[in-house]
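Notes to accompany the following structure.
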Amino acid sequence: ALLCFATNVEASASYETQILAKAIGGKGDIAFLTGLLTDANTALREKGVENAVAATHGKVKLAQVVSNIDSPSAAPPAVESLLASKGSELKGMLSTDYYPSVAAASILAKNKQFRHVLFIGQDNSPTVMNAIKDHDIYGTMYQNSYGQGIVGGTWLYDMVAKGCTVRSNAPFTKIPGTARFVNSGYFFVSQKAVSQYIGKPENIPSNTSQVLAATSKYLSCP
């Protein structure tokens, strides 16, 4: 690829875990709900979670990793099974994937006995957003999906229509998989702020504007 403008999934997962650790009081057992272990992004997300847990020096423990459940059929029974077996012990859960987030939000909303298990999800499904609004879950992580489309489309147009090329000395970040990475951003949506985001696309305008303003650092145009 000429370049990659996307979410830094490892950093996002680490930040999400740090927020959860703080929310549960800095100690206790948590569970991680994720996708295919064969997916390179899943490995990076798990690394981010593990690094954040390690930074607590044993105060927060990753008691369970539930993987291969990022589908509408696999996620609900997996979350139900996790809560049935470990719900009384867990203080928190997090997911870095869409369908486990939807499943956990739905199940926690219907099962108030697990209200003590604080959950942070991923993305902006109506189920997740409404669960945050109703205080059934703690929050969710947003990506800059809208901005990815804007920047990707703009830069592709510049390259195809204007003859721009990617600068070899551009300020890229090197991550596993590519040495030409540009972070599109991420942030946490809390119960307090959720009303601002319900029904709207995942969008981080400040990041998008900043990257577009720096186009000349990434592209050389005639």
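The values are calculated or read from the model by the stated rules, or taken from the named source; none is laboratory data. Predicted model, so just to flag it, every value in this text is computed and none were measured. Methodologically, a virtual Cβ is constructed for each residue, glycine included, from the backbone with ideal geometry; neighbour enumeration extends over all protein chains shown.
Entry remark, segment 136-154: residues being touching a helix residue (DSSP H, G or I) at 6+ places or on another chain (Cβ under 7 Å) and either small (G, A, S) or farther than 30 Å from A21 by Cβ (or both) number 5 in total. Selection of segment 115-148 for residues being assigned to a loop (DSSP other than H, G, I, E, B) and buried (at least 16 other Cβ atoms within 10 Å of the Cβ) yields V117, D123, N124, S125, D136, I137, Y138, N144. For the residues F114, F119, the requirement of being modelled with pLDDT of 95 or more, of a type in the set (A, V, I, L, M, F, W, C) and over 19 Å from E16 (Cα atoms) singles out F114.
Just checking, how many residues over segment 77-114 are assigned to a helix (DSSP H, G or I), of a type in the set (S, T, N, Q) and within 13 Å of Q64 (Cα to Cα)?
The number of residues fulfilling the criteria is 2.
Out of all the residues in segment 185-198, is one or more buried (at least 19 other Cβ atoms within 10 Å of the Cβ), over 17 Å from the mean Cα position of the chain (by Cα) and farther than 16 Å from Q122 by Cβ? Looking for residues that are buried (at least 19 other Cβ atoms within 10 Å of the Cβ), over 17 Å from the mean Cα position of the chain (by Cα) and farther than 16 Å from Q122 by Cβ, one finds none in segment 185-198, hence no.
Filtered by the rule that a residue be hydrophobic (A, V, I, L, M, F, W, C) and free of Cβ contacts under 8 Å to residues at least 24 places away in the same chain, segment 84-131 gives a lone residue, A84.
All of (1) part of a loop (DSSP other than H, G, I, E, B); (2) within 19 Å of A11 (Cα to Cα); (3) in contact with a Leu (Cβ under 7 Å, 6 or more places away or on another chain); (4) of a type outside the set (D, E, K, R) hold for T56 with one exception: (3).
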